[in-house]
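Just so it is clear, none of the values below were taken in a lab; they were calculated from the coordinates. Note that the coordinates shown come from a computational prediction; the quantities given were computed from them, not determined experimentally. Using ideal geometry, Cβ is built from the backbone for each residue, glycine included, and neighbour counts are taken over all protein chains shown.
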Amino acid sequence: MAIKRFFATADTTITNAFKANLTTRGVSGNMGQSDILEVFSIYGQSNPSSSELSRVLVQFSVNDIISNRQSGLLPASGSVSWFLKLYNAKHSDTVPSDFTLTVSAVSRSWNEGYGLDMEEYSDFGYSNWNSAASSSDVGITNWTSAGGDYHTNPTASQFFNKGTEDLIIDVSSIVEQWITGSKTNYGFGVKLTSSQEQAAQSFYTKRFFARGTEFFFKKPTLEARWNSVRRDNRGYFYASSSLASAQDNLNTIYLYNVVRGRLANIPAIGTGNIYVRVFDDPSGSNTITATPNNPVTGGWVSTGIYSASFALNTTSSEVFDRWFNSTLTTCFHTGSIDIYDLDSQDYNPTNRYVVSCTNLKPIYYSEEQSRFRFFVRKKDWQPTIYTVATNFIPSETIESASYKIVRVADNLEVIPYGTGSLMHTGLSYDVSGSYFDLDMNYLEPDYSYQVKLTFYDGVTNSWKEQPDTFKFRVEKNEP
C-alpha cells in the first residue's frame, strides 16, 4: 500500500472581516465547528482603503504518523512525500481567480472552538483573529501577531487559475520537521500571499470543506505517498542480450520468507545482506556466472522480503537460484527460474490486452486490507501446444501499470491514478502476475466502487487506460 491517509483532528477559520454593519469587525468570532473553511481578502468594502482577511488553520495528529512509521507502515524520511489536501466547496458567491495560497507551519498552540456562525461572527470563542487559545490555567493566549503566528520557513504555495480547484500541495518538509521534533506540530496555516492580502483588489471567496463535512471524501487530509512497486522478474527472466544495455539486462528476483502464515525476517540475516548463486541444476553442482558480481549480493527490502538483481549470460531454459548466508555455508532457499530470450522485431508493435482480476470479491469490509491480483494476456494471444498440455498460462508482465478507484454512483475518483515520479498507485508484479494492496478503510461503506487500470506503452510513450473494469462493494462491518 503506497498511500496512507490521515484526517484532520482540528480546523477552523479566523477572520477580521466586518460584520453586516460594516463598522464592527468579527475578530472575536470562532468558527471551529463549521463544516466550511474560508480564505479571502476583501478590499474597500467599508471605506475606500479598508481590508478584510480570512485564513484557515488545520491540524493533524503527528503521534499517529510517528506510530505508523515506527511500526513500518510508513517509509523513512526521504522515501515518502506528504501532501495536504483541502477540497473545494462550491458556493453561490464570487469565486476569485488567478491567486496563490501559501501553506506554513503554525508556531503557536490554538483551540478549535465550538463556533458555527460564518456570516455575523456572533459565536465568540477561541481560536479567532486576535486570540489563539483559552484555558482555565493560563487564561487567554493572544497571537503575537493578529491573524496567527506562523513559521517563515519552510512554506509551500499553489496557484489557482479558475479558483475552483482543490488544494493539493507538497508539505513534506514541514511534516518531517514535526516527526523529528525540530518543530512542534501546531498544524498548518493557509492564506493568500502577503502581496495579495495587501493588494488594492479583492479575492473573495475561496471555500473548502472542513472536517465536520457530511461528505466522506471531502475531509481535510494529509496524504503520504511513496513508491512501493516491486518488480519481481522471476516470471519473466531474460538472459543477457546484445540487444539490451547493461541496465536493461539486469533482472530482479525476490525471496519471501513466510513463517506460520506471516512474513518474517530470516534470523541469521535480519536486515543485512543475503547472497545468491545461480546453478543449472537444483542440487547446486554447476554454477552459472552472474554479473555484476558472483555470488550476487542481495539485500533486505521489508519484513521477510529480500531481493537480488543480476544479469545472467546463459543458454539454459531453466536455472536455479540458491540463497545463502555470507559464508555461503547455509542455504535458506532454492528456487527455479524459466529463462526467456530477448528478440527484436521487424515491425512496430501495438499491444492490446485482456485483463481479469483473479481474486475479486463482490463485497469487502472496512476493516480489510486486501490484495487485488490481475491476470493479463495479449488480446490476440494464441496458446501453444505446451501451454495447452500443461494447463499453465503465464500472465503478461506489464512493467509500468497504475490503478485508480472510482465510486460507481457518481463516478467520483476517490483514488486517482498516481503515474508521476512517485508512482504511488503503481502495480507490483511477481511470478503470479500484477497486484496492488488497498486499505478498505479509505472507502466510504455502503457504496460500490470499480477498479480501473492504465498501462504505460513504451512504444508511444503514453499511458493507455484499459477497457476492463472490476466492481466491488464496501460494507461497514463483517457479519
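List of remarks:
- Shown here are the Rg and Dmax of the Cα trace of the chain, at 27.9, 92 Å.
- Mean ellipticity per residue at 222 nm, deg cm²/dmol - from DSSP H runs of n ≥ 4 across the chain, formula -39500 (n - 2.57): -1500 deg cm²/dmol
- Backbone phi angles across the stretch 80-90, fed through the Karplus curve with coefficients 6.51, -1.76 and 1.60 (θ = phi - 60°), yield HN-Hα couplings of 9, 10, 10, 10, 7, 10, 10, 9, 4, 10, 5 Hz in residue order; Gly and Pro are listed as x.
- Taking a straight line from the alpha carbon of LYS476, these lysines sit under 21 Å away, with near neighbours fewer than eight places off in the same chain left out: LYS4, LYS218, LYS219, LYS361.
- Cross-link reach list, aspartates and glutamates versus LYS471, counting only Cα pairs under 17 Å and skipping chain neighbours closer than eight places: GLU368, ASP410, GLU413, ASP437, ASP439, GLU444, ASP446
- Computed over the Cα atoms of the stretch 3-225, the ratio of the radius of gyration to the Kirkwood radius (Rg/Rh) comes to 0.96.
- R0 of 25 Å, Cβ-Cβ distance ASN63-LYS85: FRET efficiency to nearest 0.05: 0.80
- Magnitude of the charge dipole for the chain, about its Cα centre and with charges confined to Cβ atoms of Lys, Arg (+1) and Asp, Glu (-1), is about 300 debye.
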